[in-house]
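J.: Before anything else, here's the structure in question.
The values are calculated or read from the model by the stated rules, or taken from the named source; none is laboratory data. Remember, it's a predicted structure, so these values are computed and weren't measured experimentally. No Cβ is skipped: glycine too gets one built from the backbone with ideal geometry, and neighbour counts run over all protein chains shown.
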Amino acid sequence: MHHWMYSCKEVTQMVSESLDHKLPLLQRIGIRVHLLMCKFCSRYRKQLLILREAMRLQEKYIEDTTLPTEARERIKRSFIYSLNKSQ
Amino acid sequence: MPDPETWVDHYGDYLYRFALSRLRDRVAAEDLVQETFLAALHARENFKGHSSFTTWLAGILKHKIIDHFRKESRVQPVEDVEPFTPTFDDLFDEKGKWKIGPSKWTASPMELYEQKEFWKILALCLSKLSGRLARIFTLRELEELSTKEICKVFDISATNSWVMLYRARMLLRRCLQINWFNVKTYEGE
């Protein structure tokens, strides 16, 4: 690994940062070059993207979660009370 | 707008899931759902029907969640000293090369998402994050707040937010790998 190239540790940080803001062009090129040569860092990048997608999809996949009955009744009672008061 | 008497029955589950997937705390999720219905009741004249009623309710809940995170982070400031700050030095050698690189995740994303167990493990991994990392990560990835907005909520610098998001992603990636993929990949490889 040449000294002017990024290390894996640096690339993992920059790949994460690239998900949060646009990196300068030279950094982007440096990352590209590294990813072409480094199997582990390109896996890491793919896995961060899966993590991001999974976070956004999780609601769809936890559809069997429901408001517990006891909480539902409690919320309903306080809500109906406020509703009647406001009318 | 649907009759308020039916709101809790019709939208309670949806809002609860929305809150729970962000707060990961049943009691707090129930409280914010209750507050959301009351706030919606008082603000119902503001609902113009430009968005669906569900979206409107979720918008109210979203603000409540961000407020909740803001308050929590004041009690436990974002900049406070954590007993354990992950540096990931154990993952890299002195030149910054992976010691043990990420192993291949054998399932495609779609195959992954079909498995109930995967979502359980993701939830488990999220619950292992410290409160501050979990709050920041949730606002970034679920609410899709920009880091600028996140910095405002938690009163931190941009650099600080990137470092914390990096930590959260590193920890989650590793946790998923250990608890889900390693079990599978080691058998196959």
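J.: Among (1) within 10 Å of chain A (Cβ to nearest Cβ); (2) on the phi > 0 side of the Ramachandran plot, which single condition is B:Leu38 missing?
T.: Just one mismatch for B:Leu38, condition (2).
J.: Restricting attention to the stretch B:1-31, and to residues there that are farther than 20 Å from B:Glu144 by Cα and hydrophobic (A, V, I, L, M, F, W, C), which single residue is nearest to the other protein chains (Cβ to nearest Cβ)?
T.: So the residue we want is B:Val8.
J.: Can you list the helices (runs of 4 or more DSSP H) found entirely within the stretch B:1-77 that contain at least 1 residues being modelled with pLDDT of 95 or more and more than 19 Å from A:Glu73 (Cβ to Cβ)?
T.: Fully inside the stretch B:1-77 and qualifying: B:26-42, B:53-75.
J.: Do you know which of the residues in the stretch B:113-136 that are at the interface with chain A (Cβ under 9 Å from one of its Cβ atoms) and under 19 Å from the mean Cα position of the chain (by Cα) is surrounded by the fewest Cβ atoms within 10 Å (Cβ to Cβ)?
T.: B:Lys116
J.: Are there any pairs with C-beta distances below 6 angstrom linking a residue in the stretch B:34-59 that is touching a residue at least 12 places away in the same chain (Cβ under 8 Å) and surrounded by 18 or more Cβ atoms within 10 Å (Cβ to Cβ) to a residue that is of a type outside the set (D, E, K, R) and assigned to a loop (DSSP other than H, G, I, E, B), with the two at least 6 apart or on different chains, and if so which?
T.: Cβ pairs passing all conditions: B:Trp56/B:Phe47.
J.: Follow-up. Could you list, in sequence order, the residues of the stretch A:55-84 that are acidic (Asp, Glu), assigned to a helix (DSSP H, G or I) and more than 7 Å from chain B (Cβ to nearest Cβ)?
T.: Within the stretch A:55-84, A:Glu70, A:Glu73 qualify.
J.: Continuing with this model, one more query. Going by the conditions given, is A:Arg52 facing another protein chain (nearest Cβ under 7 Å) and touching a residue at least 12 places away in the same chain (Cβ under 8 Å)?
T.: When the stated conditions are applied, A:Arg52 passes them.
J.: Keeping to the stretch A:7-37, report how many residues are more than 8 Å from chain B (Cβ to nearest Cβ) and either more than 17 Å from B:Trp162 (Cα to Cα) or in a helix (DSSP H, G or I) (or both).
T.: Of the residues in that region, 17 qualify.
J.: Among the residues of the stretch B:144-159, are any over 23 Å from A:Leu23 (Cβ atoms) and either modelled with pLDDT of 95 or more or surrounded by 19 or more Cβ atoms within 10 Å (Cβ to Cβ) (or both)?
T.: Within the stretch B:144-159, one or more residues are over 23 Å from A:Leu23 (Cβ atoms) and either modelled with pLDDT of 95 or more or surrounded by 19 or more Cβ atoms within 10 Å (Cβ to Cβ) (or both).
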